[in-house]
Every structure is written in C-alpha cells, then in structure tokens.
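What follows is a single structure, written as structure tokens, with notes after it.
The values are calculated or read from the model by the stated rules, or taken from the named source; none is laboratory data. Everything quoted here is computed from the prediction, not taken from an experiment. Don't worry about glycine lacking a Cβ; one is built from the backbone with ideal geometry, like all the others, and counts go over all protein chains shown. Ligands, DNA and RNA are stripped out before the accessible areas are found, and what is left, the full protein with its side chains, is counted by its heavy atoms. Shrake-Rupley method; radii C 1.70, N 1.55, O 1.52, S 1.80 Å.
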Amino acid sequence: MIHPTSATHTPPAGERASPLHVLVLQGGGARGAYQAGAYQALDEAGLQPDWIVGTSIGAINGALIAGNPPPRRLASLRAFWELAPRSLPILPPSLQAAASLWSMASSLMAGVPGFFTLRAPWQVPFAWNWDHAGVSFYDSTPLRSTLARLIDFEFLRRHGPTRLSIGAVDVASGELRYFDSATQALTPEHVMASGALPPGLPPVPIDGAEYWDGGLYSNTPLAYVLDDTTPQPKVCFAIDLWNATGSTPDTILAAAARLKDIQYASRSRRWIRTHKTIHDLRHAVRALAELVPAAARADAEIQRLITQGTGVTINIVHLVAPADGQPLPTSDIDFSAIAIERRWQAGYEDMRTALGHKAWLRPLPPNTGIVVHEFVRDPDGGIRPRSATPSA
C-alpha cells in the first residue's frame, strides 16, 4: 500500500473530474455470494458502480446488478442466490459441515436449480458425439431462463447507468475476449459464456464462435480496467474470491483445495504491482514532458513519446474473501444456505470496513498513477488496512 506523503501534486484536468467507480468481480462459483454481500454494502452507502467488469460468477453477479435499475438490484441478487438453498434441507448451524457436504453432493449428482442440471450418462460425449450435443457433464439451459427472468437485458441495451464488461475465452483460438455493453448489445448467452467452465458446462456459441469460462485465461479481470484509456480517475473495488497465499496442506483434500486457490487467484497482487509500475512510469513521462522545451516538442518522435504519459490516477481497493473453515476442493459448489449466508455476510462486513476508511480520498504522492489499498485479515477474522498491521 502506498502511504501519502506531505508532498502532493496538483491533479490535471482529467484527474479533477469525478472518479469512475468500478467493481471488479473474480470468478469462483458458490463463493460469489461474498461479492453480493459486498455490493449490498456499496448500495447502502449510496455508492453505485459506474462500470462492472466480471468473469464467471462475477459476470453473473455483475449482470444482475447492471441489468437492473438500482432499486431492484439487491432483490435480483437475493433471488438468484436463494435458488439453490431452497432446494436443500435446512440444517442447524451445529450441522454446518453436514449441510455443506449435502450441498456439494447434491450439486455434483443433480446440479443446481436455476443454474445447471446433470446430463444422462448416454448424453455425455465421452468418445463420440452422435447428436452434436454440448461437450459437458451438465446442461446449462436452466441458467438462461434464470438470467432472462432476473435481468432486464433491454435496460442494459439502452446503456443504463452501469456499464458491464464480461470476459470469456474463444475455444478455438484460446484468446480472451471481453463482451462490453458500451459497444454491443449483451444477451443471456454472453453471460453464460463467461461462466461456462469445462468440462462441467458446455461452450456457448456466439456469432459463429464458441466460448468457455473467462477464468480459464484470467480469473481476475482487473487488467481490462487498468488498460482502459478513459481520461477519468478511477476507484476500483476489486473483490477476489480466491486467496493466492495460504498454509501448506497436510491432507489430500486440503492439497486439492489449495491447488484451486493458487490456480484461480490469478496472481492478483502481481498483476496489480506490474500495472502500478507501468502506470507510475506514465505519470513520470507526463511530468518530464512538462520540462521539454517548446522547440523540442515539434519533433514527431518527441510528440509520440509525450502521448505515452498520463495524469489519470487509479485507486484500487482490494478485498479477498475469507477462506472456509474446512478447506475442500469443492467449496465453489457449496450452495448450502449456511455457506451462502456466511459468505454474503462476510462480503457485507468487509466492504463496510473498507468504505469506513475512505482511503481513496487521501491526497496522493506526486507522479503516482496507481494507489493500492489492500485489506488483510486478522486472526479473529476481521479485516484492516495492511498499513495498520504490525507486519506492514
């Protein structure tokens, strides 16, 4: 985290504009209830996102938010996240582990209501695909109906107050593509494509190509925001569902769970550090350009170099969901009522804590492009800014 110094700079005209509030949502299946809780805290604070960038379950949560007027957003999120728990037995908190195991087994054996259903064995194309069915163990048709019911895609097409960008991977080229409401009309298929994780869910055809889950390429869509050239300062709330750091596992199940953490965390901190270095350098270019004599500015190459500079700042508020008490590799399909409510509440409380600090309103050091406000978890489960911890 960057600590403000006594020396501050006078922001350029673009930076003095009102900041663009961006919500960046990672993929993570059932863990995505944490993001829904975090949005609730933003909503209660009167802070609606101007732009949402999501992958997989982050794309679904993002579409539920951006695809509804603000008064209906929380209700749509709740309706989606209550689909699965209603189909499962309600067990007391003392039986939380049993409820989670029941939920995961139910998801594996039958699917999740309103999301996906298990294909019959003869419908799964292990070696031959006689009827050209989607290559997957589950059928995601129910998700399309759910999205069509809970999301107003016409409202989204009319360029509502919140822009939505969702990432998916072109199966044939292996390249990551973002579908963006700022440039095209989004449909349920675009959202489904972002969450089509193989081999569980089938690829989704769009405009002659087929797409899989964007998390296969990069589960953290922050780079799409950091590469944006909009001349407006940004405050990014990056809400991660997987933690790249953790303890060494001592069982096979814990090892499999740790593998998923590392795989899907997508090196968020490394990406942030890399982009911070680049963006700070662009601020340095802008500062040095002001020292270039007017005569030298006439040179075409000098002009080209000057255009690489920027004065726009980006504040990144980085939250990471807490780990489950019992590490299991199937935690992302634990749609039990207890797990969903626990994750929702954790996201709500963590975002309320982050909003209480308002770190992004502090004056910035000179020639700083990106400032990271990272929150870490205490032993008691609460969070605090990294700078406030003894180890910072």
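Go through the stretch 279-310 and give me each residue that's within 16 Å of Pro365 (Cα to Cα) and either in contact with a His (Cβ under 7 Å, 6 or more places away or on another chain) or among the β-branched types (Val, Ile, Thr) (or both).
Once the filter is applied, which keeps residues that are within 16 Å of Pro365 (Cα to Cα) and either in contact with a His (Cβ under 7 Å, 6 or more places away or on another chain) or among the β-branched types (Val, Ile, Thr) (or both), the stretch 279-310 yields Val285, Thr310.
Among the numbered criteria (1) out of contact with any Pro (no Cβ under 8 Å at 6 or more places or on another chain); (2) modelled with pLDDT under 95; (3) open to solvent by less than 10 Å² (accessible area, probe 1.4 Å), which one does Ala13 miss?
That leaves (3) as the condition not met.
In the stretch 106-123, which residue that is under 19 Å from Ile57 (Cβ atoms) and assigned to a loop (DSSP other than H, G, I, E, B) is modelled with the highest pLDDT?
Once the filter is applied, the top-ranked residue is Phe115.
Across the stretch 190-232, what is the number of residues that are open to solvent by 50 Å² or more (accessible area, probe 1.4 Å), closer than 21 Å to Pro125 by Cβ and part of a helix (DSSP H, G or I)?
Adding up the residues that qualify gives 1.
Does any residue of the stretch 319-327 turn out to be free of Cβ contacts under 8 Å to residues at least 60 places away in the same chain, open to solvent by 50 Å² or more (accessible area, probe 1.4 Å) and more than 18 Å from Asp240 (Cα to Cα)?
No: the stretch 319-327 contains no residue that is free of Cβ contacts under 8 Å to residues at least 60 places away in the same chain, open to solvent by 50 Å² or more (accessible area, probe 1.4 Å) and more than 18 Å from Asp240 (Cα to Cα).
Please give the number of the condition Leu291 fails out of (1) modelled with pLDDT of 85 or more; (2) assigned to a loop (DSSP other than H, G, I, E, B); (3) open to solvent by less than 40 Å² (accessible area, probe 1.4 Å).
(3)
Go through the stretch 233-257 and report how many residues are at pLDDT 85 or above, surrounded by fewer than 17 Cβ atoms within 10 Å (Cβ to Cβ) and in contact with a Pro (Cβ under 7 Å, 6 or more places away or on another chain).
Result for the stretch 233-257: 1.
Just to be sure I understand the filter: pairs with C-beta atoms under 8 Å, separated by 6 or more residues or on different chains, first member in the stretch 137-157 and in contact (Cβ under 8 Å) with a residue 12 or more places away in the chain and part of a loop (DSSP other than H, G, I, E, B), second member crowded, with 16+ Cβ neighbours inside 10 Å and of a type in the set (Phe, Trp, Tyr). Which pairs pass?
Ser140/Phe115; Ser140/Phe116
Got at least one residue in the stretch 21-38 being modelled with pLDDT of 95 or more, assigned to a loop (DSSP other than H, G, I, E, B), farther than 23 Å from Arg269 by Cβ and open to solvent by less than 30 Å² (accessible area, probe 1.4 Å)?
no
Across the stretch 158-189, what is the total count of residues that are over 17 Å from Arg144 (Cα atoms) and either open to solvent by 60 Å² or more (accessible area, probe 1.4 Å) or among the charged types (D, E, K, R) (or both)?
Residues flagged as over 17 Å from Arg144 (Cα atoms) and either open to solvent by 60 Å² or more (accessible area, probe 1.4 Å) or among the charged types (D, E, K, R) (or both) within the stretch 158-189 amount to 11.
Within the stretch 331-355, count every residue that is farther than 20 Å from Val24 by Cβ and either touching a Gly at 6+ places or on another chain (Cβ under 9 Å) or surrounded by fewer than 17 Cβ atoms within 10 Å (Cβ to Cβ) (or both). Can you show your working first?
Within the stretch 331-355, the first condition is being farther than 20 Å from Val24 by Cβ, and the residues that meet it are 331, 333-342, 345.
Add one more test, that the residue is either touching a Gly at 6+ places or on another chain (Cβ under 9 Å) or surrounded by fewer than 17 Cβ atoms within 10 Å (Cβ to Cβ) (or both), and what stays is 331, 333-335, 341, 345.
Total meeting the criteria: 6.
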